[in-house]
1. Only one of Met579, Met521 is in contact with a Gly (Cβ under 8 Å, 6 or more places away or on another chain) and open to solvent by less than 10 Å² (accessible area, probe 1.4 Å). Can you tell me which?
2. Just a yes or no: is a residue in the range 319-328 touching a strand residue (DSSP E or B) at 6+ places or on another chain (Cβ under 9 Å), basic (Lys, Arg) and either without any contact (Cβ under 8 Å) to a residue 24 or more places away in the chain or under 30 Å from Ile372 (Cα atoms) (or both)?
3. Here is a list: Leu295, Leu304, Leu355. Which entry is buried (at least 17 other Cβ atoms within 10 Å of the Cβ), not in a strand (DSSP E or B) and not basic (Lys, Arg)?
4. Scan (1) at pLDDT 90 or above; (2) under 60 Å from the mean Cα position of the chain (by Cα) for the single condition Pro268 breaks and write down its number.
5. Can you pull out the residues in the range 660-673 that are open to solvent by 10 Å² or more (accessible area, probe 1.4 Å) and either part of a helix (DSSP H, G or I) or at pLDDT 90 or above (or both)?
6. Keeping to the range 265-284, report how many residues are under 13 Å from Cys302 (Cβ atoms) and in a loop (DSSP other than H, G, I, E, B).
7. Determine the pairs where a residue that is modelled with pLDDT of 90 or more and part of a helix (DSSP H, G or I), located within the range 407-418, has a partner that is open to solvent by 30 Å² or more (accessible area, probe 1.4 Å) and not charged (D, E, K, R) with Cβ atoms under 6 Å apart, the partner being 6 or more residues away or on another chain.
8. Answer with yes or no whether Gln837 is out of contact with any Leu (no Cβ under 9 Å at 6 or more places or on another chain) and crowded, with 20+ Cβ neighbours inside 10 Å.
Amino acid sequence: MASNGVVDASPSVASNILLVIAQFIFETVDDTRQVVVQKENFEKFSSHLERTAFFLKELSTCEINFFERLHDTADDLKLEIKVAKQLASECRNRNKIYLFLNCRKIIDDIEKSTKNISKLMSVFTLGSLDVSSEVIEQLRILCKNMLDAEYQPAAVEEEILQKIERGIEERNVDRSYANNLLVRIAESVGISNELSEIKAEFENFKHEMENNELRSDGTEALRMEQIILLLGKADVVTTPKEKETKYFKKRNSLGRQLLEPLQSFYCPITGDVMVDPVETSSGHSFERTAIEKWLEEGNDLCPLTKTPLKRISLRPNRTLHQSIEEWRNRNTMISIASMKPDIQSSNEQEVLNCLEKLHDFCVGSELHREWIVMEDYIPIIPGLLCTKSHEIRLLALTILYCLAKDADGNKERIAKVDDGIQYIVRSLARKIEESTMALKLLLELSRSSAVMNFIGNVQGCILLLVTLANSDDTQAAKYALEVLDNLAFLDQNVIQMARAKYFGPLLHRLCTGPMSTQMIMADTLADMELTDHNKLDLFRNGALKPLLQLLVHDAEEYKAAAVKALENLSSVAQNGLQMIREGATHPLFELLFCHTISFPKLREWVAITIMHLARSITVQEASEDRVSFLKSEDVFKLFSLISLSGPSMQQTLLCTFHAICNSPSSFDIRTTLRQISAVKVLVQLCELDDHDVRAHAVKLFHDLTEDGDHRTFSEHVNTRCIETLVRIIRTSRDEDEIAAAMGIISNLPRDFQMSQQLLDSGAVEVIFDCLTCRNTHASYKKEVIENAAQALSRFTVSTKPEWQKKVAEGGTILVLVSLLASGTSLTKQNVAVSLKQFSESSSNLSKPMKNMGPFSCCFKPPETNCPVHHGICTVESSFCLLEANAVKPLVMVLGEQDSGACEASLDAISTLIDGEKLQNGVKVLEEANAFLPIIKLLNSSCTRLQEKSLEVLQRIFRLVEFKQKYGNSAQMSLVDITQRGTSNAKSLAAKILAQLNVLHEQSSFF
């Protein structure tokens, strides 16, 4: 037996040994997969180990000859695997920062272990095994691959390690450098970003470095001490209290006297204290920029020793650099501590000088800014923003900005200064330079969640920020938008932004926030006063979709928030149309008719929103797109709510139907309403004392009388209803209500019974009052006059002379004549109709002249004979148009663009040339210059007006005198009508042309 106890081992024993090693390798592979560093390199290493283990398992099944020769190799292999397992265990359990700092050594150990295992495995390829040549060849390939394997640190690891070495070498890095290193190390090894975890890991790293193993290696121990000193400058590993204690201990040990610089600190070339000293080969130091310029100017000798000097021989004098920095920091520390009384001086120049020094310190070093904070300057500086000096305010803002950038703690200190944020906000409204600096400061402060609320709570701050965000200064606008974006983290700030008409954050929360936040944003939209432009923008930018989602939510409070917001936004017609297109109508009607609503006023809000939608379909866009809002089968259901609701709801529903009755589909809706006896309900509502409900009921009643479908509502219009309408016209101060009531009267059936009821109820008197504006302190709106003029025409028909006489009393005809000049086209049309009807009675009412006998000259002058009616005419007795001076105003109306007014006026004028009145009537028309306007009507696009003008001219041209005077003027238009007019117009035109001797009477035109 050999000394190790394994001699002439049987094949089964040899196989077991190989299997044990293989299992040990598999365990090691498991360990390599749990490491916290160098995961990629360990993954590559574990791949080689796995293949090694599989080969050992394969070899264990083969016949092994002379295993005693391989026994030492198996033992060495097992020891090597044990080393690898120990390495993997350390990389899983040891401090992560330590492992990162030793990543190069870990990589070297992995590579060394891989090569050693390769060499040991190659022994099994030397022919001691009864294994196929294919297996042996694969084993050789594995051994070669492992021997050639290379492991590399990641690029980021190399970069961090180089920065650590540079920091140790330079010895004067600031805390931001250390912060950056420590954070990047933490990211690299998977330490959480929580500062407490980074600090705990660093503390554990320091404790580990105190063990005996490292102390035995002096070089490694020194390196770790240097790294600990470097990383120890980071904020995360030192508490503010520790820093403060250390600072004041050092500051108090310095005294108050500034030290003069040592002679060695001065550059021999510039004579100034050096910033970046470099040393020559002769041992003299110069400012880098100065000596480089010296060499660039062609000098190749040292300025002091005159020995040859090359640029390549220059090297940083780190020791001197550190000494200068220590001197400079010492004086800075004393200066910062001693300036505090001066900065609070009443002398502006002293304050300005102190601020300039503080500003230089802030720009110079992060460490100096830390000292300024510890000397408690932050509570003082914001107060300087109240001074009148622009320079002082600007420097104060700049210093605060520098301090705020360093740490959230500084941001919070600034925010907690009494009125500090308010003073900063005031600077937003000052000169652009100061305003921009204040924006930069607020932007930095707003990055702290603890400070956001302070900024948002300053009155007017968000409004100023929104104003600046829309300014022409692009830089200021950019900063302002960034501040607003940061402040939008808090709901109350978002609401303030929306009230300042900056809706972006609100829309973002409304679209993407949780349901509770969406409800808050919807409530905000509901309560805000918005312009139509604002409402359009909100819908254009996506407000509708989330509100509709809230509308169909199961929770009633979400529905209520959505409805209230939609009520506010839907008052713009374009938004209402969009809601209809997006399907808002169905859920709104479901809510309106829901019997289980418990939320106060929800149904009323829904009704108002539906009213807005109804109004939106009255615009031109709805007509062009054929937007459908209310189906006929839903009309009864909606109208029935009027009788079941209170006054406020009734008013809203009546407004809704009034809007629908003026929409593109209005005729069908009006027909349906008449069929369901809506007029009966409206007649009852017209009698209410509640003015608002009554007024809207009257307007809807008027809508239902517009189509001339009298049989569906006449039964409900009795004497009481008529008296109610007359009373409303007489007593109401709502001109819309008066116009609607007058419109109802004008649209009522024109039968004897209805007209007599109107007469008996005093309708004529109120009509006259409206035409003369008697019952109001201001002029009636045009709709009242139009409807009154139309209503009056029912009482001026020539078949009822007693009605005409009643109307004519009090000067009504003269009022009508005045309206020919001042009224609208529709008023003129209705007035002309009445005048025409009056004129039709004039011939019968004109009194014949009496023979006064031979002594008539002794009595009063004789009455004038009417040239048209051949008797004595007056306005009141015979309604004569000539006596009323109505002819010229009627002729003027012939020039109107409105064909209805022209036609009615022509009808009135034509009464003067009927029958026997032709000869004298034509002369009257000539005196009124009526012929040319009548001839112009031949070119009218209105067929009926054209034909009536032809009929009038046919009568006029019977008289030779007028045919000769005006025939040529009409000839071209008449010829055109014979070519393009209707068959009736062609025939009439041809007859006139025959009268004018232009066409033969046998022409085919007849």
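1. Result: Met521 is the single residue among Met579, Met521 that is in contact with a Gly (Cβ under 8 Å, 6 or more places away or on another chain) and open to solvent by less than 10 Å² (accessible area, probe 1.4 Å).
2. The answer is yes, given that some residue of the range 319-328 is touching a strand residue (DSSP E or B) at 6+ places or on another chain (Cβ under 9 Å), basic (Lys, Arg) and either without any contact (Cβ under 8 Å) to a residue 24 or more places away in the chain or under 30 Å from Ile372 (Cα atoms) (or both).
3. None of the other options fit; the residue is Leu355.
4. (2)
5. Hits for the range 660-673 are Ser666, Phe667, Asp668, Arg670, Thr671, Thr672.
6. Our first condition is that a residue be under 13 Å from Cys302 (Cβ atoms); within the range 265-284, this holds for 268-269, 278-284.
Filter again for in a loop (DSSP other than H, G, I, E, B), leaving 268-269, 280-284.
Qualifying residue count for the region: 7.
7. What qualifies is Glu412/Ala450; Ala415/Phe454.
8. On the way: out of contact with any Leu (no Cβ under 9 Å at 6 or more places or on another chain): yes; crowded, with 20+ Cβ neighbours inside 10 Å: yes.
Considered against the rule, which asks whether it is out of contact with any Leu (no Cβ under 9 Å at 6 or more places or on another chain) and crowded, with 20+ Cβ neighbours inside 10 Å, Gln837 comes out as yes.
The values are calculated or read from the model by the stated rules, or taken from the named source; none is laboratory data. Here the structure is a predicted model, which is why all the values come from computation and not from measurement. Backbone-built Cβ (ideal geometry, glycine too); neighbour counts: all protein chains shown. Keep in mind that these areas ignore ligands, DNA and RNA; they rest on the heavy atoms of the full protein, side chains included. Shrake-Rupley method; radii C 1.70, N 1.55, O 1.52, S 1.80 Å.
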